[in-house]
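Bear in mind these aren't lab numbers, they're just calculated from the coordinates by the rules spelled out. Just so it is clear, the model here is predicted, and its values are computed rather than measured. Here the Cβ positions follow ideal geometry from the backbone for every residue, glycine too, while neighbour counts run over all protein chains shown.
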Amino acid sequence: MMQKPLKLSYLFFTFLKIGSISFGGFMSLISAVQKQVVDKDKLISNEEVLDGISMASVLPGPIAVNVIAFIGYRLKGTKGALVSITGILLPAFLLMLILSELYFRFGNVPEFGAFFSGVLPAVSAIIISVAVGMIKKNVSDCKQYILVALAAVITFFSKSYLSTLGIIIVSAFVGYLLYYSRPVNMADPVGRSIRPRHFSKGFTLTGTVVLALLVLFIFLPAIIPENSAPFWLHRKIMLTFSGMSLSLFGGGYVVIPSMQKIIVDTLHWLTNKEFVDAIALGQVTPGPIFISATFIGFRLAGFLGALNATLSIFLPTAFLMIICTRFFASINGSPILKAAFKGLRPAIIGMILSASATILLSTGISYKTIVLFIVILAIVIKYNPDPVYIIPVAGIIGLILF
């Protein structure tokens, strides 16, 4: 464990670095976090990261950012959560702004194919190395190995959020059936007393400000003239993206069809081609695919529209995650919860392995891809280098080979 008191600046710059190199989506980002915060700095355990993934998987909104909110809150409270989210999103937000400007000025998407033909095998190798480390620390018997395998296979062949949710629920229930033993003290069924937890002043103040802004945007139309177009547009952007954030489950690729229906078919904010290009740009930027909201907001109202859309799609569920994390900390010692997580953690590891396979296959399998993947996997397992060096080097190799 680090001996010096943890500073907010550490969280910001650590997650800023991770957010700059986390190409490949949610599991890539989580793998980079695990390498830095768990393996190198030893600030949080593998078990806690898996707990955050489990909680984020059953909540609405972008899973990756919700997990970062969980980790930031566990390390430094509400301020830590907000600073961590800012650090992880800032690189992708700025890059998406630049790409959006280029797109709407020149009418095409830059070609990044060769670069990402090198990056994605590296991302897959890093994710597998992380999953192997998690297996060593969290999987101890044959029953848990079976859960890992089943979750990996089901997740790989079924991309539906319902199957993911089913894996989470069933694996937790299986863990309860296999590993729960009733406490000796029947008067205390959770094994310890649970004291009510109170929210920090920072959380209360921030929540009050956010609530006040929501009230203003919802009720101010009664006194704002209808010809005030900028206000009405920004209000609609905020309500649309915050509504999507709180109502779309599954994260990543699972929510794309729902977003397309809302943005293209219902609101007509983008053409179908523009929406597809927005998703493509979200894939070639580091961080979560939900950063495509920045592109949409920029299309509607420039920089302020991009900022509005980005904050609206990430902040509501981040606050929901903070609230759930607060209550999770109160019941974390429950024998029932511990048993459930002994089934849930192997299932999450299986889903991580499935994500690695999906990313590798998305590059198009060739002997160059396989060789690059094997070499990087061997280097990562043997030497455990920082992904901040692996990812750019792999991209340069991709430019040379592909």
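Just check segment 32-120 against the gyration tensor rule for me: Cα atoms, a ≥ b ≥ c as the square roots of the eigenvalues, rounded for a/c under 1.5, and otherwise prolate or oblate depending on whether a/b exceeds b/c.
prolate
I'd like the Karplus ³J(HN,Hα) series for segment 128-134: coefficients 6.51, -1.76, 1.60, θ = phi - 60°, whole numbers in Hz, and an x wherever there's a Gly or Pro.
Per-residue couplings from phi come out as 4, 4, 5, 4, 4, x, 5 Hz.
Each residue of segment 295-309 in order: what ³J(HN,Hα) in whole Hz does its phi give by Karplus 6.51 cos²θ - 1.76 cosθ + 1.60, θ = phi - 60°, with x for Gly and Pro?
Along segment 295-309, the couplings run 4, 5, x, 5, 4, 8, 8, x, 4, 5, x, 5, 5, 4, 4 Hz.
Between Ile374 and Leu177, what is the label-to-label distance in nm when each label sits 7 Å out along the Cα-to-Cβ direction?
So the label points at Ile374 and Leu177 sit 4.1 nm apart.
Report P(r) for segment 291-402: all Cα-Cα distances, bin width 10 Å, range 0 to the bin holding the largest distance, values in whole percent.
Histogram of Cα-Cα distances, whole percents per bin: 11, 20, 24, 32, 13, 0.
Multiply the residue separation of Lys42 and Ser140 by 0.36 nm, subtract the distance between their alpha-carbon atoms, and state the gained length in nm to one decimal.
So the chain would gain 33.1 nm between Lys42 and Ser140.
Mind listing the phi-derived Karplus ³J(HN,Hα) values for segment 73-79, rounded to whole Hz, using 6.51, -1.76 and 1.60 with θ = phi - 60°, and x for any glycine or proline?
For segment 73-79, the Karplus-derived couplings read 5, 5, 8, 8, x, 4, 4 Hz, x marking Gly and Pro.
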